[in-house]
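Shown next, in structure tokens, is the structure this report addresses.
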Amino acid sequence: AGRLKGKDFITLRDWTNDEINMLLDASADLKRKFYMDIPTPILPYKTIFLMFFEQSTRTRNSMEAGIAQLGGHANFLDTSTMQISHGEVARDTAKILSSYGHGIACRNCNWQEGNKYLNDMAANSSTPIMNLQCDLFHPMQGIADLMTIKEKHPDTERLKVSIIWAYATSHKKPISVPLTQILLFPRYKMDVTLAYPEGFELPDWAIEEAVENAKKYGGGFRITHDMEEAYRDADIVIPKNWGSWSSKNPHVDIEDFKDWKCIGKLMEMASKDVYYMHALPADRGNEVEDSVIDGDHSIVYQEAENRLHTAKGVMSLIL
Ligand code: CP
């Protein structure tokens, strides 16, 4: 695992399956120790800067709690209070912060800027850079999702996973969660279905890479615009769509997509042991019925909890 020290965590595309497996093992070990109250002072006296351009509940708090549990210090930075507001560039911010501490994590979901910002930081930081979500990738969520799926299904081969999702590149909103999932899950031999209404396409390069990953690793990947087909016999469903953005996004009219809400009737079409996942926050009522998200098939809280263990796993390996 020492060979991962110093590695950036910007996208799981840069991590091999062996490295991701190492990360899953470290996360599971840290989870077990957390439950048993075994101290894990892996990062004593280390300072990690957490820069947020946007709001967060899970990401910020899993990182802050995780750093404390590893014996380090988290320095939360609301970027609106930094000189970034006066135009200070990523290069200078990275050089300065990395000279003060041991790692920098950043959430910047600005469309066509966030990923570039993180890469600019990585090119200029003397410490590893961690992506806490950008416009293209959410690797912390992706690895927590993978851990959660593997806890439920240790063998992921041929698992039918349906990502039912309706964001669109043209809407200039972050597409990081479905994009991360479609690239990652076929690498673990899952049979991935991406379902969305026409007009909500993810970028061509991502679809091509998902298809290539499926071929290379022995998984599956296909697209459908028929939502019921995505639910049918699914082992895992990950519906997350227009609901949470509709009030803020002039391109999305909630009425147009109200049928894409996850309801009990649709869940009944899935496998009898289907699991419902959601990165959260969920727009209850608009994108999912309470009876589903609070029901027996929902594993959203396990998924959210795993954000802590996987964040610690990432930091324990790269810092
Ligand atoms: N899933 C997720 O990233 O949650 P937050 O936006 O609350 O961090």
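The values are calculated or read from the model by the stated rules, or taken from the named source; none is laboratory data. None of these values were measured; they are calculated from a predicted model. All Cβ positions, glycine included, derive from the backbone under ideal geometry; neighbour counts span all protein chains shown.
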Considering the range 190-201 alone, what residues qualify as being surrounded by fewer than 22 Cβ atoms within 10 Å (Cβ to Cβ) and touching a Leu at 6+ places or on another chain (Cβ under 8 Å)? 191
Would you pick out the residues in the range 175-204 that are without any contact (Cβ under 8 Å) to a residue 60 or more places away in the chain and either assigned to a loop (DSSP other than H, G, I, E, B) or assigned by TED's automatic domain parsing to the domain that holds residue 112 (or both)? 175, 189, 190, 196, 198, 199, 200, 201, 202, 203
Every listed condition ((1) buried (at least 20 other Cβ atoms within 10 Å of the Cβ); (2) away from the ligand (no atom under 16 Å from the Cβ)) holds for residue 105 save (2)
Considering only the range 286-307, state which residues are surrounded by fewer than 18 Cβ atoms within 10 Å (Cβ to Cβ), within 19 Å of residue 151 (Cβ to Cβ) and among the polar types (S, T, N, Q). 302
Return a yes/no flag: does the range 110-126 have any residue that is modelled with pLDDT of 95 or more and in a strand (DSSP E or B). no
Name every residue in the range 128-159 that is more than 16 Å from the ligand (Cβ to nearest atom), surrounded by fewer than 24 Cβ atoms within 10 Å (Cβ to Cβ) and part of a loop (DSSP other than H, G, I, E, B), in order of residue number. 153, 154, 155, 156, 157, 158, 159
Counting only residues that are in a helix (DSSP H, G or I) and aliphatic (A, V, I, L, M), which one in the range 58-82 is surrounded by the fewest Cβ atoms within 10 Å (Cβ to Cβ)? 68
Yes/no for residue 207 being in a helix (DSSP H, G or I) and in contact (Cβ under 8 Å) with a residue 12 or more places away in the chain: yes
What tally of residues in the range 205-241 results from selecting those that are hydroxyl-bearing (Ser, Thr, Tyr) and either within 23 Å of residue 151 (Cβ to Cβ) or not assigned by TED's automatic domain parsing to the domain that holds residue 146 (or both)? 2
Candidate set: the range 46-59, residues that are within 8 Å of the ligand (Cβ to nearest atom) and β-branched (Val, Ile, Thr); chosen: the one farthest from residue 97 (Cα to Cα): 57
Kindly check whether there is at least one residue in the range 74-87 that is more than 16 Å from the ligand (Cβ to nearest atom), assigned by TED's automatic domain parsing to the domain that holds residue 312, touching a Phe, Trp or Tyr at 6+ places or on another chain (Cβ under 7 Å) and over 16 Å from residue 319 (Cα atoms). no
What helices (runs of 4 or more DSSP H) lie completely within the range 254-319 and have 1 or more residues being among the polar types (S, T, N, Q)? 290-293, 300-318
How many of the residues in the range 256-266 are within 23 Å of the chain's Cα centre (by Cα) and within 18 Å of residue 299 (Cα to Cα)? 2
Subset tally (residues that are crowded, with 21+ Cβ neighbours inside 10 Å and either free of Cβ contacts under 8 Å to residues at least 40 places away in the same chain or in contact with a Ser or Thr (Cβ under 8 Å, 6 or more places away or on another chain) (or both)) for the range 26-51: 5
Residue satisfying all of: in the range 45-72; of a type in the set (Gly, Ala, Ser) and out of contact with any strand residue (DSSP E or B) (no Cβ under 9 Å at 6 or more places or on another chain); nearest to residue 308 (Cα to Cα) among these: 62
Matching entry among 155, 120 (being outside the structural domain of residue 66 (by TED's automatic domain parsing), more than 15 Å from the chain's Cα centre (by Cα) and more than 17 Å from residue 312 (Cβ to Cβ)): 155
Can you give me the number of residues within the range 253-273 that are buried (at least 20 other Cβ atoms within 10 Å of the Cβ) and aliphatic (A, V, I, L, M)? 3
Out of 43, 30, 24, I need the residue that is among the aliphatic types (A, V, I, L, M), modelled with pLDDT of 95 or more, away from the ligand (no atom under 16 Å from the Cβ) and under 18 Å from the mean Cα position of the chain (by Cα). Which one? 24
